[in-house]
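The values are calculated or read from the model by the stated rules, or taken from the named source; none is laboratory data. Note that this is a predicted model, so its numbers are computed, not measured. Glycine gets a Cβ as well: all are built from the backbone with ideal geometry, and neighbour counts include every protein chain shown. These accessible areas exclude ligands, DNA and RNA; they are computed on the full protein's heavy atoms, side chains included. Shrake-Rupley method; radii C 1.70, N 1.55, O 1.52, S 1.80 Å.
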Amino acid sequence: MLTALILGAHGLLVALTGRGDILGTPDREQRLEIYTTGATVVAVVGSFVTAAISQYAASTGRRMRTLRTAAHLASQFRRNWVSILSATLLISGVCLLATALDTTEADPGGVHWMVEAALLLGVARSYRLLWLFDAVIKATDRDLADSPEPQRLRS
């Protein structure tokens, strides 16, 4: 919803003023570089997401157990993880698809608007990702602090 609102406002601004078309202004080669860079960055973020999901699934403390088993918390966490991972796949796919569809210098079909929408979605999902990372790290740290035996660093 937020993505559509921001994209619509930006599109209206460009239509009214003829300025500010961030991805439409560069030439085709530069747009293709933006698309492939976007796909690459999102794929890297996706690998961090899968690492975070692994940490979430492997944690065994009381708080993490509650996060994974309490009906509303568990479903909320799973829905958020799936949403973020799905968004990374979608955004990466849109960016790669744009490299095939953006075939002219001026992009009269507006492929760059599709990419802008995908990148805006990525920005919106990144806030959710940060919230999830923070929640998992805090719960894991608190569980570790509650453990009966202090963890010692070995050199």
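Here are a few things to note about the model shown:
- Any hit, region 103-118, residues being among the hydroxyl-bearing types (Ser, Thr, Tyr) and assigned to a helix (DSSP H, G or I): no
- Selection within region 52-62 - open to solvent by 60 Å² or more (accessible area, probe 1.4 Å), closer than 16 Å to Asn80 by Cα and of a type in the set (Gly, Ala, Ser): Ser54, Ala57
- Selected residue [within 18 Å of Ala98 (Cβ to Cβ), over 22 Å from the mean Cα position of the chain (by Cα) and in a helix (DSSP H, G or I)] from Gly11, Gly46, Gly38: Gly11
- Scan of region 107-133 for residues that are open to solvent by 20 Å² or more (accessible area, probe 1.4 Å) and of a type in the set (A, V, I, L, M), ordered by number: Met114, Ala117, Leu119, Leu120, Leu121, Val123, Ala124, Leu130
- Some residue of region 96-106 being under 23 Å from the mean Cα position of the chain (by Cα), open to solvent by less than 30 Å² (accessible area, probe 1.4 Å) and in contact (Cβ under 8 Å) with a residue 12 or more places away in the chain: yes
- Tabulated pairs, region 127-140, first polar (S, T, N, Q), second part of a helix (DSSP H, G or I), C-beta under 9 angstrom, 6+ apart or interchain: Thr140/Gln55; Thr140/Tyr56; Thr140/Arg63; Thr140/Met64
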